[in-house]
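Down below is the structure, laid out as structure tokens.
The values are calculated or read from the model by the stated rules, or taken from the named source; none is laboratory data. Owing to the predicted nature of the structure, the values given are computational and were not obtained by experimental measurement. No Cβ is skipped: glycine too gets one built from the backbone with ideal geometry, and neighbour counts run over all protein chains shown.
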Amino acid sequence: MRKRIYILLFAVSMSSIYSCEEMIEIPEPSTRVTANRIFSDSTLALQATLNLYASLGTFETNFISRVALYTGEVTSTSTSSSYIDFLNNNLQTDNSYVLNVWRALYNVIYQANAALEGLSSTSAFSDQLRNRLVGESRFMRAYCYFYLINIFGDVPLIIGTNVDQTAIAPREKSATIYTQIIDDLEQAIELLSVYRNEEKTRANKIAANALLSRVYLYLEDWERALFYATEVINLEYLDELPPLNDVFIKNGDEAILQLWRENGYSHLSVMIPPSSESSVPTILLPPQFIDSFDEGDMRKNLWIGSRAISENIYVYPTKYKLRSTTTGDRAEYTMLLRFAEQYFIRAEANVRLNKYDAATDDLNVIRNRAGLPDIALTGDQQQAINQVAIERERELFTENGLHFFDLKRWQTINEVMPQRKPNWQEFMVLYPIPRTERDKNPSLTQNFGY
């Protein structure tokens, strides 16, 4: 058996680091020697850590637009099965996009594990650099496991590189994996700094706090969700959120963590229609969502576009504007974490804790940026949660599967989805475990219904 170790060819600029990728395959007996060589050299260790982010791009490309189709956030004009299967919730165990999601996330996890093992046994460079690389590796492992359990449910917990163990690892309970995620993020918070004046393409203390606040929200630990969201908001010292047109630009004030893109446009260019006015968009927004926006909501004007073709009006998301090479300040990177979500996390946690005034303040930060007037949440907790849900959907639509996860954690998915998708069945709350992975690992059981 062979293991793959990914090495990035070093260059001075971040552009060169990310764009010049070389994969080296090494026979099994040499793996430990090679890992020791990589992590005894500060340049190679940095390159290996940066490759975690480059590898995550495969996940984003295969997941974000398809999960939006899966939940009915968007529809499609395409007749390709790669779209139709998600649109119709007809995922089979051999679906290539599902397999790519699984493999991409575990690929990053394996690389993070290799980095953590290598960094733990080296004294070749400063504690400051080692702490940063360890913190980033722990963050990335936590990020990937968060998505794995929210997409697939229980999954194997792999925290080492011993292939004899990992190849037959059974599925672990999501609760166990959440414990590992929390431990990784707590360690990342301790090890990382804010690193101001750098591009927002590497995890830092703010990113680790942001992901941990989301984790505690999903676990319904309201006090901790509130605490970590507040840490994020206070760490950045933003006087106000940036204008809507600046949310998705590279290194903008809204961004907590983005995926660097060599050509200056995001992994989500599939959602952006071709420049030709006669080209029908592939991804569309459903009418009921478009109609849900209040009068005067600037997000409807700035994040949603339309095109008239042969007497038909096609309406589509335009959070990202670019699908061709762009340089300068208006270039775009794929957003992984942003500040608006932290206001929603804090607002929801405050509602659950019956702190309605504080929750109202945070929702109004988002509403005011969109050009909407203040609202006031009442003492009816369910009504307040419903309002948070409405505001979240209008702000975070088509972003990173968050709507799918929201419906599941609120336990409303089996009420909402049959209204959008008549063929919806309860087992569809999880993706299938890829057949190829089960063929290789007899310990992997399949999710119910597949």
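Observations on the model:
- Where residue 431 falls short, out of the listed (1) over 23 Å from the mean Cα position of the chain (by Cα); (2) assigned to a loop (DSSP other than H, G, I, E, B); (3) modelled with pLDDT of 95 or more: (1)
- Test for residue 398: is it modelled with pLDDT of 95 or more, among the polar types (S, T, N, Q) and under 16 Å from residue 91 (Cα atoms): no
- When residues of the range 292-316 are limited to those that are among the charged types (D, E, K, R) and part of a helix (DSSP H, G or I), the one farthest from residue 247 (Cα to Cα): 300
- When each of 212, 257 is tested for being touching a helix residue (DSSP H, G or I) at 6+ places or on another chain (Cβ under 9 Å), crowded, with 23+ Cβ neighbours inside 10 Å and either assigned to a helix (DSSP H, G or I) or hydroxyl-bearing (Ser, Thr, Tyr) (or both), the lone residue that passes is 212.
- Residue 341 vs. criteria farther than 28 Å from residue 199 by Cβ and surrounded by 20 or more Cβ atoms within 10 Å (Cβ to Cβ): no
- Cβ separations smaller than 7 Å between residues 6+ apart or across chains give the following pairs from the range 231-255 residues that are over 15 Å from residue 343 (Cβ atoms) to residues that are among the basic types (Lys, Arg) and not in a helix (DSSP H, G or I): 248/319; 249/330; 251/200.
- Verdict on residue 115 being crowded, with 19+ Cβ neighbours inside 10 Å and touching a Ser or Thr at 6+ places or on another chain (Cβ under 6 Å): yes
- The listed residue being over 22 Å from the mean Cα position of the chain (by Cα), at pLDDT 95 or above and aliphatic (A, V, I, L, M), out of 340, 358: 358
- Of residues in the range 166-186 being of a type in the set (D, E, K, R) and crowded, with 18+ Cβ neighbours inside 10 Å, the one farthest from residue 447 (Cα to Cα): 184
- Residue under evaluation residue 205, criteria (1) more than 25 Å from residue 344 (Cβ to Cβ); (2) of a type in the set (Lys, Arg); (3) under 20 Å from the mean Cα position of the chain (by Cα), criterion not met: (1)
- Residues within the range 34-58 that are among the small types (Gly, Ala, Ser) and part of a loop (DSSP other than H, G, I, E, B), tallied: 1
- Residue check for residue 372: touching a Ser or Thr at 6+ places or on another chain (Cβ under 6 Å), surrounded by 15 or more Cβ atoms within 10 Å (Cβ to Cβ) and modelled with pLDDT of 95 or more: no
- The range 54-77 residues that are at positive phi, paired with ones that are crowded, with 21+ Cβ neighbours inside 10 Å and assigned to a strand (DSSP E or B) (beta carbon under 8 Å, 6 or more apart): none
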